[in-house]
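Scroll down for the structure; my scribbles are underneath it.
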Amino acid sequence: MMLTYPDIHTHLDRADAGFRIVSCPPERFAPREGCHYSVGFHPWAVSPEYPSEADWERLSALIRLPQVLALGEVGLDKLSAAPLPLQETLFGRQARLADEVGKPMVIHLVKAVDELLRLRRRFVPRVPWVIHGFRGKAPLAQELLRHGFYLSFGERFQEAALAAVPLSRLFIETDESPLPVADIYARAARARQMPVEELAEAVRANVQSVFLP
């Protein structure tokens, strides 16, 4: 398996070489051989009608597939049209499912840090929770780290925040960016003032421990 520059969260299922985890909702899951996925209900999509119990049954089956390495992206987003209590209910049910199957959760978080911390205290998860696309400042990064989260950085990030994250809790991703993931690694390495291969080696170790145990 090629883990040269792991991309732990992307919506672009590109055919070029390299390890990536492609995020998709259950109804759009169409796996390709040799690829890896995360599957979950995004807070932008939630409504009183979605997900249905049939959608939940599909998610519960898909998350158990070997190609599916994580549940996500799951999330809380105060800019979403979906009411926050409905998002929290959806988040909690997915958190229980992640613990049940023993796979990490990839989290979309927008302006709902207090709510996320409350849910973490409530559920005390047994699996890692990874906040994807982190764009916050260093103090917020440090607060989330104190609560046990992993942080994943994409094309846009605060350099001081990225530099504040221990290598053992750090991931890199492309999300929806068309940039090659190697370019994001290069920028992240410059922000940390370290060789890019040393950064990549640390992320590879994290992928092995969190997503490929």
For the chain, the Debye formula with one identical point scatterer on each Cα and no solvent gives log10 I(q)/I(0) at q = 0.07, 0.09, 0.13 Å⁻¹ as -0.19, -0.32, -0.68
Exposed-loop cut sites defined as GluC sites (Glu not before Pro) in DSSP loop states with at most 10 other Cβ within 10 angstrom; longest site-free run of the chain spans 50-213
Gyration tensor on Cα atoms of the range 38-149, a ≥ b ≥ c root eigenvalues, a/c under 1.5 rounded, else prolate if a/b beats b/c, else oblate, says oblate
With the 8 Å Cα cutoff and a minimum separation of six or more residues, the range 1-148 has a relative contact order in percent of 18 percent
Straight-line reach check, K78, cutoff 17 Å on alpha carbons, 8 or more apart in-chain or any other chain, hits among aspartates and glutamates -> E88, D114, E115
Any aspartates and glutamates whose Cα falls less than 14 Å from that of K137, other than same-chain ones fewer than 8 residues away, would be E159
Summing +1 per Lys or Arg and -1 per Asp or Glu among the other residues with Cβ less than 14 Å from Q67's Cβ gives +2
Interchain or sequence-distant (5+) residues whose placed amide H lies within less than 5 Å of the amide H of I172 are I8, F153
Spelling it out for E73: with amide H atoms placed in the peptide plane at 1.01 Å from N, the residues 5 or more places away or on another chain with amide H under 5 Å from its amide H are C24, G40
Nearest-0.05 FRET efficiency for R14 and E49 at R0 = 41 Å, using Cβ-Cβ distance, is 0.80
Sorting K78, K137 on solvent-accessible surface, 1.4 Å probe, most exposed first, gives K137, K78
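The values are calculated or read from the model by the stated rules, or taken from the named source; none is laboratory data. From a predicted model like this one, the values you see are computed outputs, not experimental measurements. Virtual Cβ from ideal backbone geometry, glycine too; neighbours counted across all protein chains shown. Heads up: the accessible areas ignore ligands, DNA and RNA and are worked out on the full protein's heavy atoms, side chains in. Shrake-Rupley method; radii C 1.70, N 1.55, O 1.52, S 1.80 Å.
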